[in-house]
Amino acid sequence: MRIIAISFIISFHIYGVFSLRDNQVPVYYSKNSNSSADLYEIRKGKFLPFYTVVRFKNNECTATNGLVGTCYLRSECRTKQGVAFGSCSRGLGVCCVVTRNCGGLPTSSNNTYFRSPGYPDYYNGSSTTCTISIAKNRDSATHVRLTFTDFTLAQPHPTTGQCQIDRMNVLGSEISPPVICGENTGQHMYLRFTPDNSAMQIIILANSSTTFRRRWSILVTQHEQNESRRDL
């Protein structure tokens with residue numbers, strides 16, 4: 001079986017015009033070829049019966065570096081400012097890992113990692129906040145899950161329990177979560193988009209006036225209402 005994947009839109013002028021859109025690739029195959037679960041046929045060639053166009057789904061994938069990514073065309077991954085780590089969808093796509101740091105561009109990409117500057121090195125902090133904006137990536141998305149794969153900030157005050165040195169808070173969620181600090185590795189938090197679908201902001205203050213071995217890596221995923229929390 002010969003498979004040719006392309007990462008851009010092209011047209012074939014064979015007695016007419018035939019164009020490919022995002023996530024569509026031409027596949028040359030034999031009659032006995034088996035399709036993968038994450039591929040589905042778009043149309044067969046009208047003038048070339050052995051020619052079929054397929055589209056692959058933007059499913060979650062495991063990158064070769066062990067992180068969680070999304071299966072995209074290589075060109076789509078570049079557009080999202082991601083990095084390709086391995087292939088997916090039978091080699092038609094790449095497992096794209098998207099990472100954002102302080103002051104980076106807003107993201108609507110599913111499976112985005114929000115990381116401290118220089119991660120995995122420890123961060124000395126700053127006098128300014130570190131922020132990421134999360135825009136809704138599809139109409140059906142209703143909530144966001146933050147998975148704290150690695151999260152260590154300065155501890156709260158031993159008496160009051162208040163986050164006086166470092167802290168993380170969220171703006172723009174319909175349900176306001178608590179301000180957090182300290183050790184939260186392995187924990188998670190749910191946020192909900194507002195009715196006007198405004199972007200949310202995750203804001204982390206890591207106070208440079210206090211020396212502390214702090215760092216964070218937060219996986220941001222968007223989900224639909226009918227997805228039970230048991231599946232998230």
Practice problem: Mind listing whichever residues of the range 59-75 are more than 14 Å from the chain's Cα centre (by Cα) and not in a loop (DSSP other than H, G, I, E, B)? | Solution: Arg74, Ser75
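Matching residues to (1) farther than 20 Å from Arg100 by Cα; (2) among the hydroxyl-bearing types (Ser, Thr, Tyr):
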{"position": "Cys130", "(1), (2)": "no, no"}
{"position": "Lys136", "(1), (2)": "no, no"}
{"position": "Pro158", "(1), (2)": "yes, no"}
{"position": "Cys163", "(1), (2)": "yes, no"}
{"position": "Thr185", "(1), (2)": "no, yes"}
{"position": "Thr210", "(1), (2)": "yes, yes"}
Self-check item: Count of residues meeting criterion [under 22 Å from Thr221 (Cβ atoms) and not charged (D, E, K, R)] in the range 110-134
Solution: 13
Practice problem: Report, by residue number, each residue of the range 76-92 that is touching a residue at least 60 places away in the same chain (Cβ under 8 Å) and either assigned by TED's automatic domain parsing to the domain that holds Leu219 or outside any loop (DSSP other than H, G, I, E, B) (or both). | Solution: Glu76
Quiz prompt | Sole residue being over 17 Å from His223 (Cα atoms) and either surrounded by fewer than 19 Cβ atoms within 10 Å (Cβ to Cβ) or among the polar types (S, T, N, Q) (or both), chosen from Thr147, Thr107, Thr160, Thr142 | solution = Thr160
Exercise. Report, by residue number, each residue of the range 83-100 that is of a type in the set (S, T, N, Q) and closer than 12 Å to Thr62 by Cβ.
Key: Ser87
Practice problem: Would you check which residues across the range 148-183 are among the polar types (S, T, N, Q) and farther than 15 Å from Ala206 by Cα and list them? | Solution: Thr149, Thr159, Thr160, Ser173, Ser176
Quiz item: Just a yes or no: is a residue in the range 182-192 among the charged types (D, E, K, R), modelled with pLDDT of 95 or more and buried (at least 18 other Cβ atoms within 10 Å of the Cβ)?
Solution: no
Quiz item: Right, Arg100: of a type in the set (Lys, Arg) and either at pLDDT 95 or above or buried (at least 19 other Cβ atoms within 10 Å of the Cβ) (or both) or not?
Solution: yes
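The values are calculated or read from the model by the stated rules, or taken from the named source; none is laboratory data. It should be emphasised that the depicted structure is a prediction, and the values quoted were computed from it without experimental measurement. Cβ sites come from the backbone with ideal geometry, for glycine too, and all protein chains shown count toward neighbours.
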